[in-house]
Amino acid sequence: MSVVVALLLLAALFFFIVGTVGILRFPDFYTRLHAAGKCDTLASMLALFAVALYTLDGINFAEILVALKILAIAAFVFVASPTATHAITRAALATGVEPWVRPEKRK
């Protein structure tokens with residue numbers, strides 16, 4: 001079980017790092033937000049699944065209850081993170097933040 005938990009945590013760390021690199025490397029607000037939204041949601045889900053598996057050391061009502069609560073948090077993150085990213089993107093578009101355009105495509 002600890003090997004699976006370690007692999008899930010390493011995968012979560014990988015996606016957090018990829019999202020951070022995306023935030024630093026992409027040219028404009030929208031692509032940065034896209035990288036952050038996708039990678040952070042996936043990394044958070046993987047980390048929460050790892051924590052839920054880690055708490056299930058034995059068959060015990062308290063441990064199962066804690067794991068179910070962690071999975072409920074994961075379900076909330078799965079819904080709330082993309083929704084918040086979408087709302088931030090729409091607000092930026094409504095306030096006039098221009099998306100990046102390649103120099104050869106500019107008029």
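Restricting attention to the stretch 57-91, report how many residues are in a helix (DSSP H, G or I) and either in contact with a Phe, Trp or Tyr (Cβ under 6 Å, 6 or more places away or on another chain) or β-branched (Val, Ile, Thr) (or both). Matching residues across the stretch 57-91 total 10.
The single condition among (1) in contact (Cβ under 8 Å) with a residue 40 or more places away in the chain; (2) in a helix (DSSP H, G or I); (3) not aliphatic (A, V, I, L, M) that PRO99 does not meet is (2).
Only residues that are of a type in the set (A, V, I, L, M, F, W, C) and surrounded by fewer than 11 Cβ atoms within 10 Å (Cβ to Cβ) were counted across the stretch 80-99, and they come to 3. Flag: ALA36 does not match the condition of being small (Gly, Ala, Ser), more than 26 Å from GLY96 (Cβ to Cβ) and assigned to a helix (DSSP H, G or I).
Taking each residue of the stretch 54-78 that is under 18 Å from LEU8 (Cβ atoms) and looking for partners that are part of a loop (DSSP other than H, G, I, E, B) with beta-carbon atoms closer than 7 Å, six or more apart or interchain, yields GLU63/LEU56; GLU63/ASP57; ALA67/LEU56.
Within the stretch 16-47, being touching a Pro at 6+ places or on another chain (Cβ under 9 Å) and among the aromatic types (Phe, Trp, Tyr) holds for PHE29, TYR30. Within the stretch 33-76, can you find the residues that are surrounded by fewer than 16 Cβ atoms within 10 Å (Cβ to Cβ) and among the polar types (S, T, N, Q)? Scanning the stretch 33-76 gives a single hit, ASN60.
Restricting THR20, THR41, THR31 to residues that are assigned to a helix (DSSP H, G or I), under 17 Å from PRO99 (Cβ atoms), among the polar types (S, T, N, Q) and within 16 Å of the chain's Cα centre (by Cα) narrows the list to THR31. Taking (1) surrounded by 16 or more Cβ atoms within 10 Å (Cβ to Cβ); (2) free of Cβ contacts under 8 Å to residues at least 40 places away in the same chain; (3) closer than 30 Å to ALA94 by Cβ in turn, THR20 satisfies each apart from (1).
No value in this document is a laboratory result; all are computed from the given coordinates. Given the structure is predicted, the values throughout are model-derived calculations rather than measurements. Note: ideal-geometry Cβ built from the backbone for every residue, glycine included; neighbour counts use all protein chains shown.
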